[in-house]
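Visitor: Just dropping this structure here.
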Amino acid sequence: MSLTTILRAAVVATLIGAADLGTNKHEIAAEADVKLPSGTSSGRADLLFADERSINASSSENLDLTGGSLEDGTGAALVFAKVKAILIHADDGNTNNVVVGNAAANPFVGPFDDGTATVAIPPGGFLFLAAPAGGWTVSTDSADILKVANSGAGTAVTYRIYIIGTSA
């Protein structure tokens, strides 16, 4: 099996203001593309987890990056050694935030400052993190749990998650 990935982030914006004569226009087009061919060395990836998930009100779930409970699109169990990219997109219809990080035990630190750090993703928002060359190390039974939580009571949250990484 082989995996080819393109990580892409872009900002395209136009600011138009009032001017005495003509138009005051400022345009930005910034893009970052990284291609990850199949493999386990630097700048490569061989694992992809993609899923749409829901979390009940005031609840959370722990995604075990090394326990084999996550599966790829073909049903194969995934055991991550490194994570190269994470994209989490909170559904537009959510009322509460999707909160990532701060697992009680064995937190995946990866891009976070420490195991207690969190990022709150508001409805319709997304979190996109990438370390395409070296990636973030996942350590079995010490730093392998990515916690995802619903920030509040009353309603469930839905989110889509994509994790790209390597098996070695």
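The values are calculated or read from the model by the stated rules, or taken from the named source; none is laboratory data. Remember, predicted model here, so these are calculated numbers, not experimental data. Positions of Cβ are backbone-derived with ideal geometry, glycine not excepted, and every protein chain shown enters the neighbour counts. Accessible surface areas use protein heavy atoms only, side chains included; no ligands, DNA or RNA. Shrake-Rupley method; radii C 1.70, N 1.55, O 1.52, S 1.80 Å.
Visitor: For the chain, what's the relative contact order in percent, using C-alpha pairs closer than 8 Å and at least 6 residues apart?
Guide: Relative contact order comes out at 31 percent.
Visitor: Next question, about the same structure. What's the magnitude of the charge dipole for the stretch 17-168 around its Cα centre, counting Lys and Arg as +1 and Asp and Glu as -1 at the beta-carbon? Answer in Debye, nearest 20.
Guide: 160
Visitor: Once phi is turned into ³J(HN,Hα) by the Karplus curve 6.51 cos²θ - 1.76 cosθ + 1.60 with θ = phi - 60°, what whole-Hz value does each residue of the stretch 116-125 show in order, with x for glycine and proline?
Guide: 9, 5, 9, 10, 9, 9, x, x, x, x
Visitor: Continuing with the same structure: I need the shape label for the chain. Rule: rounded when a/c is under 1.5, else prolate if a/b > b/c, else oblate, with a, b, c from the alpha carbon gyration tensor.
Guide: Here the chain falls in the oblate category.
Visitor: So what's the net charge close to Ala143: Lys and Arg +1, Asp and Glu -1, counting the other residues with Cβ under 15 Å from its Cβ?
Guide: Value of the local net charge: -3.
Visitor: Okay, next question. In a shell of Cβ-Cβ distance under 14 Å around Thr40, excluding Thr40 itself, what net charge do Lys and Arg (+1) and Asp and Glu (-1) give?
Guide: +2
Visitor: Placing +1 on the Cβ of each Lys and Arg and -1 on the Cβ of each Asp and Glu in the stretch 10-168, which of Thr155, Ser60, Ala105 has its Cα farthest towards the positive end of the resulting dipole?
Guide: Result: Ala105, furthest along the dipole toward the positive end.
Visitor: Does the stretch 1-75 classify as rounded, prolate or oblate by the C-alpha gyration tensor (a ≥ b ≥ c root eigenvalues; a/c under 1.5 gives rounded; else a/b over b/c gives prolate, otherwise oblate)?
Guide: Because a/c hits 1.5 or more and a/b fails to exceed b/c, the stretch 1-75 counts as oblate.
Visitor: Starting from the Cα gyration tensor of the stretch 55-115, multiply each eigenvalue by 5, take the square root, and state the resulting semi-axes largest first in whole Å.
Guide: Semi-axes from the Cα gyration tensor: 21, 17, 12 Å.
Visitor: Output wanted: per-residue J couplings in Hz (rounded whole) for the stretch 58-64, from phi through Karplus 6.51 cos²θ - 1.76 cosθ + 1.60, θ = phi - 60°, x for Gly and Pro.
Guide: Taking θ as phi minus 60°, the curve returns 6, 10, 8, 9, 10, 8, 8 Hz for the stretch 58-64.
Visitor: At 1.4 Å probe size, with every protein chain present, just tell me what the per residue accessible area of the chain comes to in Å².
Guide: 53
Visitor: Now a separate question. Note down the net charge around Ala130, summing +1 for each Lys or Arg and -1 for each Asp or Glu among other residues with Cβ under 14 Å from its Cβ.
Guide: Result for the neighbourhood of Ala130: +3.
Visitor: Under 23 Å between C-alpha atoms is the cut-off here; go through the chain and count lysine pairs that meet it, provided they're at least eight residues apart or on different chains.
Guide: 4
Visitor: Oh, and also: Just the number, please: carbon plus sulfur as a percent of the accessible area of the stretch 1-61, 1.4 Å probe, no ligands or DNA/RNA counted. If you can, show how the numbers build up before the last one.
Guide: Working: 2190 of 4430 Å².
Result for the stretch 1-61: 49 percent of the exposed heavy-atom area is carbon or sulfur.
Visitor: Another one. Quick one: which residues, 5+ away or cross-chain, put their amide H under 5 Å from the amide H of Leu63? H built at 1.01 Å from N.
Guide: Under 5 Å from the amide H of Leu63 lie the amide H atoms of Leu146, Lys147, Val148, each far enough along the sequence or on another chain.
Visitor: With θ set to phi - 60°, apply the Karplus curve 6.51 cos²θ - 1.76 cosθ + 1.60 along the stretch 143-154 and write out the HN-Hα couplings as whole Hz, x wherever there is a Gly or Pro.
Guide: 7, 9, 10, 9, 8, 10, 10, 8, 6, x, 9, x
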